[in-house]
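A.B. asks: The structure follows.
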Amino acid sequence: WELGAYGGTVRGNVVFGEENHQPAIDASVAIVNLPLKPIPDLIALPARADGIVRDARLTFRGNPDQPLDNEISLHLSADNFRWNERGWQSLVAGVNYIGRRLYVTAFDLRQADNRISVNGELAVPEHPRDLPNTHYLANVSADVRDLHALAALAGPPFDQLGGQLSLYGSFQGDKGRLGGYVNADASGITYQTLPPASAHVSVIAKDGEL
């Protein structure tokens, strides 16, 4: 099926079948060039929105009765997003779940002079209690020239933060042992009435030791 909405397009497809004598679903939804300005009125929210969803795609393949063994992917690209007084210039995000692994292939946020990029992966254990011992990998790069604008995305009380922050790092863990590094520089950090503060942090971890 396909639906035109506010100059954009929404497409969807669902196929019901069987695999290995088990029920299976293959479904996808795609949104292309959908403006966000009409959304608050559409869902009766007292808010102001702007921007456009350039491309959003969600796919699902598997058996709903076996959630850990399914395949799920999400891709999102949105430009000039505004929700009331909060927003960003561009966001590209990609997440895949396959073979009981969660892959963050991209999370790139651009907000005026702020740049944030994150990617990584996580092995999803069958039981939550095993999460501390699972395998994970994360790479982070952040150049934040206006911490107030970035923190405002989270709302109060974070919107009272200010200053500049740069953070670069890569870390991984397996069987409870941490490895990697993080370098961070913060300057002119303010919060409410506290005086500005600055700091430099450099951490290296190997075999679970700092």
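The values are calculated or read from the model by the stated rules, or taken from the named source; none is laboratory data. Since the structure is predicted, the reported quantities are computational estimates derived from the model, not experimental observations. Backbone-built Cβ (ideal geometry, glycine too); neighbour counts: all protein chains shown. These area figures cover heavy atoms from the full protein model, side chains too; ligands, DNA and RNA do not enter into them. Shrake-Rupley method; radii C 1.70, N 1.55, O 1.52, S 1.80 Å.
A.B. asks: What is the Cα radius of gyration of the range 5-50 over 2.2 N^0.38 Å, N being its residue count?
C.D. replies: That works out to 1.76 for the range 5-50.
A.B. asks: Where does the longest stretch of the chain lie that holds no chymotrypsin sites (Phe, Trp or Tyr not before Pro) found in a DSSP loop with 16 or fewer other Cβ atoms within 10 Å?
C.D. replies: Between the exposed loop sites, the longest stretch runs 7-210.
A.B. asks: Something else about it: Can you give me the solvent accessible area of HIS148 with a 1.4 Å probe, rounded to the nearest 10 Å²?
C.D. replies: The accessible area of HIS148 comes to roughly 90 Å².
A.B. asks: Give a residue-ordered list of calculated ³J(HN,Hα) values for the range 160-165 (Karplus: 6.51 cos²θ - 1.76 cosθ + 1.60, θ = phi - 60°; whole Hz; x for Gly, Pro).
C.D. replies: So the Karplus estimates, Gly and Pro as x, are 9, 7, x, x, 10, 8 Hz.
A.B. asks: What is the distance in Å between the Cα centroid of the range 19-41 and that of the range 141-174?
C.D. replies: Here the two parts' Cα centres lie 31 Å apart.
A.B. asks: Hey, any idea what % of the range 98-178's accessible area is carbon plus sulfur with a 1.4 Å probe?
C.D. replies: Working: 2670 of 4680 Å².
That fraction is 57 percent.
A.B. asks: Would you calculate the volume per residue, in Å³, of the smallest convex hull containing every Cα atom of the range 130-181?
C.D. replies: Measuring per residue, one finds 98 Å³ for the Cα hull of the range 130-181.
A.B. asks: Among PRO35, VAL182, LEU161, whose Cα lies farthest out toward the positive end of the dipole of the chain, if unit charges sit on the beta carbon of Lys, Arg (+1) and Asp, Glu (-1)?
C.D. replies: Positive-most Cα among the choices belongs to LEU161.
A.B. asks: With the radius of gyration and the Kirkwood radius both derived from the Cα set of the chain, what is their ratio Rg to Rh?
C.D. replies: 1.03
A.B. asks: From the convex hull of the Cα coordinates of the range 62-151, what is the mean projected area in square nanometres?
C.D. replies: Computing the convex hull of the Cα atoms and averaging its projections yields 7.5 nm².
A.B. asks: Please give me, ordered by residue number, the trypsin sites (Lys or Arg not before Pro) of the range 126-188 that lie in loop per DSSP and have at most 13 other Cβ atoms within 10 Å.
C.D. replies: Counting only loop positions with at most 13 other Cβ atoms within 10 Å, the trypsin sites (Lys or Arg not before Pro) in the range 126-188 are LYS175.
A.B. asks: Springs between alpha-carbon pairs under 10 angstrom, Gaussian network model over the chain: which of ILE72, ILE116, ILE43 fluctuates most?
C.D. replies: It is ILE43.
A.B. asks: Could you check the simple spin-label distance between ASN80 and ASN139, using points 7 Å along Cα→Cβ, in nm with one decimal?
C.D. replies: Between ASN80 and ASN139, the label points sit 3.2 nm apart.
A.B. asks: Starting from the alpha-carbon convex hull of the range 102-196, give the projected area averaged over all orientations, in nm². Before the final figure, lay out the partial values.
C.D. replies: Working: hull surface 29.5 nm².
Hull-based average projected area comes out at 7.4 nm².
A.B. asks: Next question, about the same structure. May I ask you to give the solvent-accessible area per residue for the chain, in square angstrom, as obtained with a 1.4 angstrom probe? Walk me through the numbers on the way to the answer.
C.D. replies: Numbers: 13260 Å² over 210 residues.
With the other protein chains kept in place, the chain gives 63 Å² per residue.
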